[in-house]
Amino acid sequence: MMLRKANASTTGMLSLGCNLSIEKVRLTPSFHSQTCSPSTPTARNRCGSDGFNNLHDALALFDRMLQMRPLPSIFKFNQLLGAISRRKHYSTVISLINRMESLGITPDVATLNVLINCFCLSNGVGFAFSVFGKILKLGLEPTSVTFNTLVKGLCVEAKILQAVALVNRMAHRGYQPNTVTYTALMDGYCLRGQMDEALKVFDVMLHKGCAPHVFSYNTLVNGYCKKKQIDEAMRLFQKMPSKGIVPDTVTYNTLIGGLCHMGRLGAAQELFSEMLMCGHNPNVITYSTLLDGLCKNQQVDEALALFHAMEGSRVDLDIVTYTILIDGLCKAGKLEAARELFCTLSAKGVDPHVRTYTIMIDGLCKEGLLHEANELLSLMKENGCSPDNVTYNLIIRGLLENNETSSAMQLLHDMVQMGFSADASTVTLLLDLPNGVLDKSFLGIPTTGKFLKLVLVF
């Protein structure tokens, strides 16, 4: 929506509208790069507006669009750029826009809004303001998207004072903030733990006649949960229906996470049941949050029951979900159950990530199963998942604690060669080894003492 001058009865302010929408594009799974032919009108209509399976397909579509004569409209390019940015390929979008301009394709304000958004989401708000300057230089009129994205970008980088200053400057120049603007400011204060300031912004928003949206309440609920003020979050949640606001899945997920974090599992489970009764479908985040809470509060049997319920639902479980349960089982001493679940991942089409492998390796080491731990480490590497600092330190400690000193020394050497460092717990075990066992020189440890030049990870 373009900015429009308000009439005298609206105090000379500019209306920005009350919604932020950055080139939302429906992404369908039916796109194949060969469907976009420069000579086919139907294909031309698809270009930019329909979906794609992956980034490779999107780039192929972009290249075909550049080859068309006449070129597709800037609107079509904007749709494609917006779709790619929604897949979080921000640097790619930035590169594509630069390429367009180098070929003489003039961007419009929507194109530059997408560019601003990509810079803001890449912690490059300074570059985003350079693009804003370009909008003005080109004689284009900023939109509500332009200003709200800049405000949000400043808030994400914890530059809340600059964000407030920007909103005030825009208001003085005749631009009226809207619900999205105020919610972005609220989020900025919430990120800093300044809930009183966030509430003040909320009150100003109401006073200015901008109706709050569910995401406005979700922002405050999340802020209270982050500050461990779960009772305040629940009170706000209970007020939502009376204000005409229907809580959504994000609301419930946030509160369930907050309750679990405070150890209030009963209340979290009650809220989960309420969520179901109100007709809200839990997603993988809902289940994973509750599963994590149960595991961290040593309620593994309940976690297993929930997991089996998840398997019977329509929710697609991801590696995060499986990793949470594997970790809970290992910590509860149920290594065999954890191992069985881990071994089913391949059949389920789920690839373990470094944390999943590390948890299993740690569980095996704690049970003294060093041979299996080493085999899993080798399998991890074979599957293209590189061990990290935590993985190496855990298995080295396991080897040292089980008197597998020679194997520990070999892994220690491998770890250093990979650019990782021994953490404090590992160094303590190393320094307790008899003289002559550890070649301290290659670690930068003087042989005459226990002074460490090695950078420790605490």
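The values are calculated or read from the model by the stated rules, or taken from the named source; none is laboratory data. Keep in mind it's a predicted model, so treat the numbers as computed, not measured. With ideal geometry, Cβ positions are generated from the backbone for all residues, glycine too; neighbour counts draw on all protein chains shown.
Just to be sure I understand, how many residues within region 114-126 are more than 17 Å from the chain's Cα centre (by Cα) and modelled with pLDDT of 95 or more?
Selection size over region 114-126: 3.
Quick check on my filter: what residues within region 167-182 are assigned to a helix (DSSP H, G or I) and out of contact with any Cys (no Cβ under 9 Å at 6 or more places or on another chain)?
167, 168, 169, 170, 171, 172
Residues of region 373-411 being touching a Ser or Thr at 6+ places or on another chain (Cβ under 9 Å), among the charged types (D, E, K, R) and under 25 Å from residue 336 (Cβ atoms), which ones?
397
So, in region 331-347, exactly how many residues are of a type in the set (A, V, I, L, M), over 20 Å from residue 397 (Cα atoms) and either within 25 Å of the chain's Cα centre (by Cα) or not in a loop (DSSP other than H, G, I, E, B) (or both)?
4
Just to be sure I understand, how many residues within region 80-107 are outside any loop (DSSP other than H, G, I, E, B) and under 15 Å from residue 118 (Cβ atoms)?
Within region 80-107, residues that are outside any loop (DSSP other than H, G, I, E, B) and under 15 Å from residue 118 (Cβ atoms) number 19.
Looking only at region 124-139, decide whether some residue is touching an Asp or Glu at 6+ places or on another chain (Cβ under 6 Å) and not small (Gly, Ala, Ser).
Within region 124-139 (the criterion being touching an Asp or Glu at 6+ places or on another chain (Cβ under 6 Å) and not small (Gly, Ala, Ser)), the answer is yes, since at least one residue qualifies.
Assuming residue 368 fulfils every condition listed in (1) more than 22 Å from residue 403 (Cα to Cα); (2) in a loop (DSSP other than H, G, I, E, B); (3) not hydroxyl-bearing (Ser, Thr, Tyr) apart from one, which condition is it?
Exception for residue 368: condition (1).
Exactly one condition in (1) of a type outside the set (A, V, I, L, M); (2) at negative phi; (3) under 22 Å from the mean Cα position of the chain (by Cα) is not met by residue 272; state its number.
For residue 272, the exception is condition (3).
Residues in region 148-162: is at least one free of Cβ contacts under 8 Å to residues at least 24 places away in the same chain and under 23 Å from residue 220 (Cβ atoms)? If you could, list the steps in order and put the result at the bottom.
As a first pass, look at region 148-162 and keep what is free of Cβ contacts under 8 Å to residues at least 24 places away in the same chain: 161-162.
Keeping just the survivors that are under 23 Å from residue 220 (Cβ atoms) gives 161-162.
The answer is yes, given that some residue of region 148-162 is free of Cβ contacts under 8 Å to residues at least 24 places away in the same chain and under 23 Å from residue 220 (Cβ atoms).
Condition check: under 25 Å from the mean Cα position of the chain (by Cα), at pLDDT 90 or above, β-branched (Val, Ile, Thr) and assigned to a loop (DSSP other than H, G, I, E, B). Does residue 350 satisfy that?
Considered against the rule, which asks whether it is under 25 Å from the mean Cα position of the chain (by Cα), at pLDDT 90 or above, β-branched (Val, Ile, Thr) and assigned to a loop (DSSP other than H, G, I, E, B), residue 350 comes out as yes.
Report, by residue number, each residue of region 209-225 that is surrounded by 15 or more Cβ atoms within 10 Å (Cβ to Cβ), part of a loop (DSSP other than H, G, I, E, B) and of a type outside the set (A, V, I, L, M, F, W, C).
Hits for region 209-225 are 212, 213.
Can you tell me which residue is surrounded by the fewest Cβ atoms within 10 Å (Cβ to Cβ) among those in region 147-193 that are of a type in the set (Val, Ile, Thr) and under 19 Å from residue 203 (Cα atoms)?
First, the residues of region 147-193 that are of a type in the set (Val, Ile, Thr): 149, 151, 156, 160, 164, 167, 179-181, 183.
Checking the rest, the ones that are also under 19 Å from residue 203 (Cα atoms) come to 151, 160, 164, 167, 179-181, 183.
Working: 151: 29, 160: 22, 164: 18, 167: 22, 179: 21, 180: 25, 181: 29, 183: 28.
Within region 147-193, the match that is surrounded by the fewest Cβ atoms within 10 Å (Cβ to Cβ) is 164.
If you take just the helices (runs of 4 or more DSSP H) that sit entirely in region 226-330, which of them hold at least 2 residues that are surrounded by fewer than 16 Cβ atoms within 10 Å (Cβ to Cβ) and of a type outside the set (Val, Ile, Thr)? Even if it seems obvious, please write down each step before you answer.
Values: elements: 230-239, 249-261, 265-277, 284-296, 300-311.
The helices (runs of 4 or more DSSP H) meeting that bar are 230-239, 265-277, 300-311.
Might you check whether a residue that is at positive phi and in contact with a Gly (Cβ under 9 Å, 6 or more places away or on another chain) occurs anywhere in region 359-371?
yes
Only one of these is without any contact (Cβ under 8 Å) to a residue 60 or more places away in the chain and of a type in the set (Gly, Ala, Ser): 122, 85, 144. Name it.
Numbers: 85 fails: without any contact (Cβ under 8 Å) to a residue 60 or more places away in the chain; 144 fails: without any contact (Cβ under 8 Å) to a residue 60 or more places away in the chain.
Going through 122, 85, 144 in turn, just one is without any contact (Cβ under 8 Å) to a residue 60 or more places away in the chain and of a type in the set (Gly, Ala, Ser): 122.
Are any residues in region 100-119 exposed (fewer than 14 other Cβ atoms within 10 Å of the Cβ) and in contact (Cβ under 8 Å) with a residue 12 or more places away in the chain, and if so, which ones?
Of everything in region 100-119, those that are exposed (fewer than 14 other Cβ atoms within 10 Å of the Cβ) and in contact (Cβ under 8 Å) with a residue 12 or more places away in the chain turn out to be 103, 106.
Take the residues in region 27-53 that are closer than 25 Å to residue 102 by Cβ and under 33 Å from the mean Cα position of the chain (by Cα), then tell me which one is modelled with the lowest pLDDT.
33
Looking at this structure, is residue 263 touching a Lys or Arg at 6+ places or on another chain (Cβ under 9 Å) and on the phi > 0 side of the Ramachandran plot?
Judged against the criteria, residue 263 is a match.
Looking at region 388-407 only, could you name the residues that are assigned to a helix (DSSP H, G or I) and either under 16 Å from residue 358 (Cα atoms) or among the charged types (D, E, K, R) (or both)?
Selection gives 389, 390, 391, 392, 393, 394, 395, 396, 397, 398, 399, 401.
Do we find a residue being surrounded by fewer than 19 Cβ atoms within 10 Å (Cβ to Cβ) and within 20 Å of residue 325 (Cβ to Cβ) anywhere in region 401-416?
no
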